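Rule-based calculations on the coordinates, nothing more; no lab input. Computed from a prediction, not measured in an experiment: that's the story for all the values here. Here the Cβ positions follow ideal geometry from the backbone for every residue, glycine too, while neighbour counts run over all protein chains shown.
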Amino acid sequence: PATQASVQKVVNEGSGGTTPVYFWVQLNGYRSDPNQIVSVDYKTRSGTAWAGQDFIPTQGTLKIYPNEDHALVMVEIIADSLPEPDESFYLDVFNPVGATFGEGVVQLTAVRTIVNDDGWYWG
């Protein structure tokens with residue numbers, strides 16, 4: 001039987017080190033050629049969570065091979081012990097090769113929320 005990764009849209013920040021969080025990128029449409037590798041470029045983007053402070057920024061090209069319909073992008077959350085509000089950051093997916101996002105769509109964006117687990121925040 002096939003297994004499916006659990007992708008958390010909300011992740012606890014942690015108190016030390018880094019914690020991985022995953023983005024599931026799935027091909028729901030048709031490939032230009034069923035034997036072709038489909039690729040998309042991706043890049044993290046700060047929201048209320050800041051690159052380098054709350055998460056390690058990443059970018060690259062994701063490949064989805066023939067007979068596969070998905071791939072994962074991993075981003076590391078940087079832990080701290082400061083009470084702060086929950087924060088979010090984004091993963092932008094763009095430049096599809098071998099497939100399309102749909103007519104007129106040039107970018108897809110997903111969000112992840114980092115939950116404060118360091119006590120009360122009084123902003």
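Structure values in brief
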quantity: Residues satisfying the stated conditions in the range 76-112, i.e. more than 29 Å from N12 (Cβ to Cβ) and among the small types (G, A, S); calculated: G98, A99, G102, G104
quantity: Residue ranges of strands (runs of 3 or more DSSP E) in the range 45-123 with at least 1 members over 14 Å from the mean Cα position of the chain (by Cα) and free of Cβ contacts under 8 Å to residues at least 40 places away in the same chain; calculated: 59-64
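Okay, residues lined up against (1) among the β-branched types (V, I, T); (2) surrounded by fewer than 14 Cβ atoms within 10 Å (Cβ to Cβ):
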{"position": "T18", "(1), (2)": "yes, yes"}
{"position": "G29", "(1), (2)": "no, yes"}
{"position": "Q36", "(1), (2)": "no, no"}
{"position": "V40", "(1), (2)": "yes, no"}
{"position": "P57", "(1), (2)": "no, no"}
{"position": "T61", "(1), (2)": "yes, yes"}
{"position": "V97", "(1), (2)": "yes, no"}
{"position": "T109", "(1), (2)": "yes, yes"}
{"position": "I114", "(1), (2)": "yes, no"}
